[in-house]
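As C-alpha cells, the structure follows; a few thoughts come after it.
What follows draws every value from the coordinates through simple rules; no lab data is involved. The shown structure was predicted, so the numbers you read here are calculated from the model rather than taken from an experiment. No Cβ is skipped: glycine too gets one built from the backbone with ideal geometry, and neighbour counts run over all protein chains shown.
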Amino acid sequence: MNFHDFHDCVLCPRKCHADRTKYSGFCGGTNQLKVAAAMLHFWEEPCISGKNGSGAIFFSGCNLKCCFCQNEKLSHQNYGKIISTEHLAEIFLSLQEQGAHNLNLVTACHVLPWVIPALEKVKSFLHIPVVYNSGGYESVETLKLLNGLVDIYLTDFKFFRPETAEKYASAPDYPEIADSAFQEMLNQTGKPVFEGELLKKGCILRHMVMPSLRKESISLLEFLAEKYNPENFLLSLMAQYTPMKQQNFPELNRKLTKMEYFSVLDTAQKLQFQGYSQEISSAKKDYTPDFHLQGI
C-alpha cells in the first residue's frame with residue numbers, strides 16, 4: 001500500500017479513489033496537512049487525561065461525517081491551518097514539554113502520510129505513549145502501518161446495525177469494518193497496561209448511547225462480550241450525546257433519557273466490562289472544545 005499516493009486515495013474503508021492533488025476526498029483531505037488545534041485536553045477518560053491533560057492534536061476532516069457530530073467545525077467544515085510534517089513533529093515535542101501524559105492523535109486516518117513520518121522523526125525522543133483516537137472506521141491494512149508507533153487505541157464502535165450506520169453516517173459497512181479494525185488494534189496492543197492511574201498501552205473502546213437506540217447499544221455490548229474477552233480492553237460508555245443542530249431525523253433532536261442510558265449501563269455491568277461511564281449531566285455543549293488554532 002502506497003499511502004503517499006494522493007492521486008488515488010484508499011487510506012480509509014471508503015476507498016473513494018480521490019485524486020487529492022486536484023480535489024478533496026470524502027474526508028475533506030487534500031494533499032496538504034491541516035490541523036485545527038493542539039492543546040492539553042482534560043476531557044478524555046481519566047486514564048488518558050490524568051492530572052496534566054492529554055496532548056491532543058485535532059486534525060481537520062473526517063472519513064465518517066456523522067450527522068450528529070459534536071466537532072462539525074472540524075469534521076464537516078474542515079476548519080484548520082495548513083502545516084508541514086516538520087511543524088507537526090515540533091508540535092509533538094512541544095506537547096510533551098508542556099507535561100502532556102500522551103500524544104493524542106484525533107481523527108488522523110486521512111492524514112497518516114504526514115503523521116507517520118512525524119512520529120518516526122520524534123519517536124526516539126518521546127517518553128510518553130501515542131494515542132490513536134479514532135471513529136472506528138479504519139482499514140486493517142492502514143492500521144498495520146501504525147504497528148510499533150501507536151501505544152494506545154482510543155476507538156469508537158458507534159453503530160451495530162448496518163441500517164443505522166447507513167442512515168446516520170452513510171457507511172452501511174461500518175459495523176463490519178469497526179469489528180475488524182478493533183481486532184487489529186487488540187492484536188497490536190494486548191491487554192491494558194497501567195503505570196499508576198495512567199494507561200500506557202492497550203485499547204479503550206468507546207460507545208455513545210444515543211436517543212432511540214438503546215436496544216441497539218445493548219445488542220452491541222452483548223456481541224462484544226461474546227466475541228472479545230472484556231478483560232482485554234476498557235469500555236467507555238458515553239452519555240454525552242448533545243443535539244448540536246436540528247436534524248433531519250426527529251429522533252435525534254433530543255437528549256438521552258436516564259432510562260435509556262442506565263439500562264445500557266446495567267447491561268455493561270452484568271457483562272462484567274471494566275472501564276468508564278459518564279454522568280448523564282455530561283450531555284452539554286460545554287464539553288465540546290472550541291477551536292481557534294490553539295498551539296498551531
(request) Scan around Phe59 for amide H atoms under 5 Å from its own, H built in the peptide plane at 1.01 Å from N, and keep only partners 5 or more places away or cross-chain. (result) Ala36, Val106
(request) In a Gaussian network model over the chain where Cα atoms closer than 10 Å are linked, find which of Pro13, Pro250, Pro230 has the largest mean-square fluctuation. (result) Pro250
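Enter the per residue convex hull volume of the chain, computed from alpha-carbon coordinates, in Å³ rounded to the nearest integer.
120
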(request) Name all residues of region 91-117 having a backbone nitrogen under 14 Å from the label point set 7 Å from the Cα of Lys51 along its Cα→Cβ direction, giving them as ranges. (result) 99-101
(message) Can you compute the modelled spin-label distance between His17 and Gln269, with each label point 7 Å from Cα toward Cβ, in nm?
(response) 5.2
(message) Which three numbers, in whole Å and largest first, are the semi-axes of the equivalent ellipsoid of region 96-150 derived from its Cα gyration tensor as √(5λ)?
(response) 20, 13, 9
(request) Determine, from the Cβ-Cβ distance of Gln32 and Arg161 and an R0 of 35 Å, the FRET efficiency 1/(1 + (r/R0)^6), rounded to the nearest 0.05. (result) 0.45
(request) Mind giving me the nanometre distance, one decimal, between the label points for Asp179 and Ser94, set 7 Å out from Cα along Cα→Cβ? (result) 4.3
(request) Please report the base-10 log of the normalised intensity I(q)/I(0) for region 159-296, using a Debye sum with one equal scatterer per alpha carbon and no solvent, at each q in 0.09, 0.18 (1/Å). (result) -0.31, -1.18
(message) Over the chain, what is the relative contact order in percent, taking alpha-carbon pairs closer than 8 angstrom and at least six residues apart?
(response) 16
(message) Given points 7 Å out from each Cα along the Cα-Cβ axis, report the Met259 to Leu149 separation in nanometres with one decimal.
(response) 4.8
(message) I need the semi-axes of the equivalent ellipsoid of region 52-139: take the C-alpha gyration tensor, multiply each eigenvalue by 5, square-root it, list largest first in whole angstrom.
(response) 23, 14, 12
